[in-house]
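Reading through the structure tokens given below for one structure.
The values are calculated or read from the model by the stated rules, or taken from the named source; none is laboratory data. Being a predicted model, the structure only gives us computed values, none of them experimental. All Cβ positions, even for glycine, are placed from backbone atoms using ideal geometry, and neighbour counts span all protein chains on display.
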């Protein structure tokens with residue numbers, strides 16, 4: 001199939017391998033202090049060894065089917081996928097107002113983000129499928145901010161990927177040396193992360209000694225990976241090209257950071 | 001091999017396929033008006049059909065072994081590769097001064113760039129291995145500027161990729177609608193293309209209706225794909241990570257633009 005079709009792409013792997021998949025998925029309770037959280041995990045049962053592991057951080061709505069689908073797609077890539085819960089078991093925002101209300105406490109007290117993510121890291125390392133020397137984290141929108149804050153904390157994981165993430169640094173940014181490689185996938189016209197914030201992040205990551213990349217997509221606004229996003233006035237619109245391109249870039253990034 | 005190694009990447013294709021390569025390469029004379037030019041082409045003889053074709057535009061030194069190697073690597077991807085000659089058969093700059101002297105006439109009269117590139121397009125379309133409905137162009141440094149100018153001309157090709165290119169628009173920019181998809185691969189600390197020029201290009205491409213992406217690499221300056229570049233004071237330093245990442249991004253871009 002490949003040789004008859006000149007051109008090589010990460011995509012082809014996914015196409016070629018769909019037929020050998022046996023994806024197991026389930027939910028698992030875990031705690032951050034006394035807060036009960038519910039993660040969703042998925043992996044390809046055809047792989048018997050411990051797997052490089054990808055934490056998936058949800059947008060402001062919470063640990064919705066959107067991130068569960070991403071977890072299944074990550075599992076298809078051969079990784080152990082764990083969709084993190086930041087809000088609490090079963091807590092999902094419906095309206096923009098509800099979602100904003102759920103997210104705001106974490107924006108007001110950024111250390112809460114680290115507390116939740118460190119709880120998730122602790123939980124996944126207890127799971128028997130996880131290679132705890134090969135962990136990365138991806139996130140979408142609010143989840144992008146979460147994985148950037150995780151990297152900012154100087155945590156020793158392989159990499160983080162932010163999809164149309166919120167970018168602003170915490171006010172009391174500890175400016176740790178950033179060990180995780182960073183990939184930021186951004187719509188150039190994202191009203192929630194305007195160009196000056198992208199530039200500020202680039203400066204911040206450089207000063208923190210991070211190995212970083214920013215991929216900027218033209219004519220693309222916020223939430224470009226979400227097929228349900230269709231609110232141009234609010235600045236959230238799905239864009240198939242950017243969705244596809246960013247997913248391929250993430251694949252190659254994960255392959256790179258897990259290769260060492 | 002793949003299934004024992006979780007993670008999918010465009011890289012693996014190259015690794016897996018090196019052993020089936022039978023790369024043919026040669027030089028070919030062609031003309032722009034009465035200027036004799038010498039291209040270098042390469043293709044994989046294992047592919048019998050007409051191939052998607054990639055023009056390769058050289059840095060300021062001229063059609064050197066650097067672009068010949070890139071042509072061989074493009075051929076390994078299954079495409080017909082044609083390294084363009086902008087300066088004239090056998091003309092190569094040795095010192096920075098010579099290279100600047102060769103490039104300057106094209107910077108002073110940008111229409112010369114289009115004249116040379118249209119001559120190259122005409123020449124490749126006469127070759128029996130070329131699918132002239134699937135043509136893209138890549139370029140390095142000065143060659144990046146050349147392929148951006150080609151896109152700016154509104155030419156009907158599938159895409160252009162600029163590696164650490166010079167970005168400034170021509171003074172008399174005709175502002176054609178840009179049909180070619182555009183991928184710009186840039187070092188964030190490139191002194192020949194500072195951040196404000198990247199931003200200006202993003203605005204220009206948006207206004208021209210282009211489908212564009214910019215990938216920005218942190219802690220990376222000019223000429224990051226050139227293993228011989230090692231002049232921090234001049235702002236040209238090879239960077240293996242950015243070289244590798246940009247080549248993978250180009251692979252996926254070419255796969256995408258040739259798929260339609």
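From the list B:229, B:259, pick out the single residue that is over 20 Å from residue B:134 (Cβ atoms) and more than 15 Å from the chain's Cα centre (by Cα).
Only one candidate qualifies: B:229.
Could you say whether any residue in segment B:219-236 is in contact with a helix residue (DSSP H, G or I) (Cβ under 7 Å, 6 or more places away or on another chain), more than 17 Å from residue B:59 (Cα to Cα), within 13 Å of chain A (Cβ to nearest Cβ) and buried (at least 20 other Cβ atoms within 10 Å of the Cβ)?
Yes: segment B:219-236 contains one or more residues that are in contact with a helix residue (DSSP H, G or I) (Cβ under 7 Å, 6 or more places away or on another chain), more than 17 Å from residue B:59 (Cα to Cα), within 13 Å of chain A (Cβ to nearest Cβ) and buried (at least 20 other Cβ atoms within 10 Å of the Cβ).
Just to be sure, is residue A:257 touching a strand residue (DSSP E or B) at 6+ places or on another chain (Cβ under 8 Å), within 13 Å of another protein chain (Cβ to nearest Cβ) and under 23 Å from residue A:108 (Cα atoms)?
Taking the combined requirement at face value, the residue does not satisfy it.
Filter segment B:184-202 for residues that are without any contact (Cβ under 8 Å) to a residue 24 or more places away in the chain and either part of a loop (DSSP other than H, G, I, E, B) or more than 9 Å from chain A (Cβ to nearest Cβ) (or both) and give the result.
Scanning segment B:184-202 gives B:194, B:196.
Would you be able to say whether some residue in segment B:119-129 is in contact with a strand residue (DSSP E or B) (Cβ under 9 Å, 6 or more places away or on another chain), buried (at least 23 other Cβ atoms within 10 Å of the Cβ) and within 14 Å of chain A (Cβ to nearest Cβ)?
Checked against the condition, which is being in contact with a strand residue (DSSP E or B) (Cβ under 9 Å, 6 or more places away or on another chain), buried (at least 23 other Cβ atoms within 10 Å of the Cβ) and within 14 Å of chain A (Cβ to nearest Cβ), segment B:119-129 yields no hits at all.
Mind telling me which of the residues B:91, B:54, B:67 ends up being over 16 Å from the mean Cα position of the chain (by Cα) and at pLDDT 95 or above?
Matching residue, one of B:91, B:54, B:67: B:91.
Limited to segment A:130-165, what total is found for residues that are free of Cβ contacts under 8 Å to residues at least 40 places away in the same chain and within 10 Å of the chain's Cα centre (by Cα)?
Residues flagged as free of Cβ contacts under 8 Å to residues at least 40 places away in the same chain and within 10 Å of the chain's Cα centre (by Cα) within segment A:130-165 amount to 4.
Do the conditions hold for residue B:122, that is, is it at negative phi and in a helix (DSSP H, G or I)?
yes
Table: residues versus (1) touching a strand residue (DSSP E or B) at 6+ places or on another chain (Cβ under 8 Å); (2) crowded, with 20+ Cβ neighbours inside 10 Å; (3) assigned to a strand (DSSP E or B).
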{"site": "B:134", "(1), (2), (3)": "yes, yes, yes"}
{"site": "B:139", "(1), (2), (3)": "yes, yes, yes"}
{"site": "B:147", "(1), (2), (3)": "yes, yes, no"}
{"site": "B:173", "(1), (2), (3)": "no, no, no"}
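Looking at residue B:100, is it more than 14 Å from chain A (Cβ to nearest Cβ), more than 16 Å from residue B:141 (Cα to Cα) and modelled with pLDDT of 95 or more?
no
Considering only residues that are assigned to a loop (DSSP other than H, G, I, E, B) and surrounded by fewer than 24 Cβ atoms within 10 Å (Cβ to Cβ), which ones fall in segment B:39-59?
Within segment B:39-59, B:45, B:46, B:47, B:48, B:49, B:50 meet the criteria.
Go through segment B:70-109 residue by residue and tally those that are surrounded by 14 or more Cβ atoms within 10 Å (Cβ to Cβ) and part of a helix (DSSP H, G or I).
Qualifying residue count, segment B:70-109: 13.
For residues in segment B:203-212 being surrounded by 16 or more Cβ atoms within 10 Å (Cβ to Cβ) and more than 8 Å from chain A (Cβ to nearest Cβ), which is nearest to residue B:223 (Cα to Cα)?
Among residues in segment B:203-212 that are surrounded by 16 or more Cβ atoms within 10 Å (Cβ to Cβ) and more than 8 Å from chain A (Cβ to nearest Cβ), the one nearest to residue B:223 (Cα to Cα) is B:204.
Give the number of residues within segment B:177-218 that are on the phi > 0 side of the Ramachandran plot and touching a helix residue (DSSP H, G or I) at 6+ places or on another chain (Cβ under 6 Å).
Counting residues in segment B:177-218 that are on the phi > 0 side of the Ramachandran plot and touching a helix residue (DSSP H, G or I) at 6+ places or on another chain (Cβ under 6 Å) gives 0.
Determine if segment A:168-176 includes at least one residue that is free of Cβ contacts under 8 Å to residues at least 24 places away in the same chain, in contact with a helix residue (DSSP H, G or I) (Cβ under 8 Å, 6 or more places away or on another chain) and more than 9 Å from every other protein chain (Cβ to nearest Cβ).
Yes, segment A:168-176 has at least one match.
Of the numbered conditions (1) more than 12 Å from the chain's Cα centre (by Cα); (2) closer than 19 Å to residue B:253 by Cα; (3) within 11 Å of another protein chain (Cβ to nearest Cβ), residue B:49 satisfies every one except a single condition; which is it?
Residue B:49 satisfies every listed condition except (2).
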